[in-house]
Amino acid sequence: MLQATTREQVRSVSREWRQAELKIALVPTMGKLHDGHLSLVDEARRCSDRVIASIYVNPTQFGQGEDFDNYPRTFSADRKRLEQAGCDLLFLPDENTMYPFGLENQVRVLASPDLTADLEGRARPGHFDGVATVVARLFHLVEPGIAVFGEKDFQQLLVIRRMVSDLGFDIRIVSVPTVRESSGLAMSSRNNYLKPAEKTAAGKLYEVLCDAARKAGDRQDDFSGIEVDAAEHLERQGFLVDYVAIRNSADLNQPGPEGRDLRVLAAVVIGRTRLIDNVAVNRLGFPEL
Ligand code: PAF
């Protein structure tokens, strides 16, 4: 596996591959890689000729008081896992490579307000601007034909799709379903913060979301009732609930009764760890209302 740290290094390899007409897929990560990340690399391999993974803990997507300083950094284990997974190049930029004019003077991308006013965007002001900014920078440096993201961060996925479409990047965004522990807990680098008992309890989140998704799929059009029931259920299980929301998958707006492609999204706190997750609602099989 090749490794690049500077703009020039990553550009010269990706340019060479493009000139050889090889299709490049980028898998952006912040490291502390788990099986969920490896499923992104697998998908990238399936749909391209060369895979570039980046590891960069992006300061601009962390708010004040969030875990930027403590975010797990496990470079040598990550490197090994990527190599075993068949990644062709690991891009490991430092802050000067990603933000050469410094964080104060950076040019920023503002994520679309209609996608970020609510849910994670409300809970973490500025977070999606930081994500959009760093992903746009990675896209410019690597110039992939494809970029792969997980559905676990569903709002992030929509923000990136919109950015690509609005700014006219010639990049296909591929999404990959969430990989889960046997308890149902969605894999996340932040699961590391959970104490063993919290980790066991955290599996309940998926169970409750699946139950809400089933109810929403059973033509129960009282979405807010389903949300309230799910939130109360989670609170009884010891979670502090930030939100449980049933939304349109395409734009995260509140669905009408005719909504077909929906998602149940939630954010909860257990102990000192904030978890997010989401589950698809399948209402596609119903006849037209
Ligand atoms: O999903 C992540 O790990 C990050 O938000 C990303 C997309 C790598 C940008 O820093």
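Residues in the stretch 1-28 that are surrounded by 15 or more Cβ atoms within 10 Å (Cβ to Cβ) and free of Cβ contacts under 8 Å to residues at least 40 places away in the same chain: how many? Total satisfying the criteria: 2. Among residues of the stretch 113-143 being of a type outside the set (D, E, K, R) and away from the ligand (no atom under 16 Å from the Cβ), the one that is most open to solvent (accessible area, probe 1.4 Å) is P113. A single entry from V208, V264, V228 fulfils the requirement of being surrounded by 20 or more Cβ atoms within 10 Å (Cβ to Cβ) and more than 30 Å from A25 (Cα to Cα): V208.
Condition check for Y56 on (1) hydroxyl-bearing (S, T, Y); (2) over 25 Å from G126 (Cα atoms); (3) within 13 Å of the ligand (Cβ to nearest atom): one failure, at (2).
Condition check for K80 on (1) touching a residue at least 24 places away in the same chain (Cβ under 8 Å); (2) within 27 Å of K23 (Cβ to Cβ): one failure, at (1).
The set of residues in the stretch 73-90 being touching a helix residue (DSSP H, G or I) at 6+ places or on another chain (Cβ under 8 Å) and on the phi < 0 side of the Ramachandran plot consists of R81, L82, A85, C87, L89, L90. Figure legend. Inter-residue proximity from the stretch 225-238: first residues hydrophobic (A, V, I, L, M, F, W, C), second residues in a helix (DSSP H, G or I), beta-carbon distance below 6 Å, spacing 6+ or different chains. Indicated pairs: I226/A212; I226/K215; I226/A216; A230/V208; A230/A212; L234/V208.
Note on the stretch 163-196: residues that are open to solvent by 80 Å² or more (accessible area, probe 1.4 Å) and free of Cβ contacts under 8 Å to residues at least 24 places away in the same chain amount to 3.
Scanning the stretch 165-214 for residues that are in contact with a helix residue (DSSP H, G or I) (Cβ under 8 Å, 6 or more places away or on another chain), in a helix (DSSP H, G or I) and either within 15 Å of R263 (Cα to Cα) or among the β-branched types (V, I, T) (or both) yields L205, V208, L209, D211, A212. Take the conditions (1) open to solvent by 80 Å² or more (accessible area, probe 1.4 Å); (2) in contact (Cβ under 8 Å) with a residue 60 or more places away in the chain; (3) under 17 Å from H37 (Cβ atoms); D94 misses just one of them, which is (3). Summed over the stretch 156-165, residues that are in contact with a Leu (Cβ under 9 Å, 6 or more places away or on another chain), more than 11 Å from the ligand (Cβ to nearest atom) and not charged (D, E, K, R) total 1. If you go through the stretch 239-265 and keep only what is in a loop (DSSP other than H, G, I, E, B) and farther than 17 Å from D211 by Cβ, you end up with S249, A250, D251, L252, N253, Q254, P255, G256, P257, E258, G259, R260. Note on the stretch 144-153: among residues that are surrounded by fewer than 23 Cβ atoms within 10 Å (Cβ to Cβ), assigned to a loop (DSSP other than H, G, I, E, B) and not small (G, A, S), the one that is farthest from the ligand (Cβ to nearest atom) is E151. Could you check, for the stretch 77-86, whether at least one of its residues is closer than 29 Å to A250 by Cα and either polar (S, T, N, Q) or within 16 Å of the ligand (Cβ to nearest atom) (or both)? No, the stretch 77-86 contains no residue that is closer than 29 Å to A250 by Cα and either polar (S, T, N, Q) or within 16 Å of the ligand (Cβ to nearest atom) (or both).
The values are calculated or read from the model by the stated rules, or taken from the named source; none is laboratory data. Small disclaimer: the values here were computed from a predicted structure and weren't measured. Every residue, glycine as well, gets a Cβ built from its backbone with ideal geometry; the counts of neighbours run over all protein chains shown. Just so you know, the surface numbers come from the protein's heavy atoms only, side chains and all, with ligands and any DNA or RNA stripped out. Shrake-Rupley method; radii C 1.70, N 1.55, O 1.52, S 1.80 Å.
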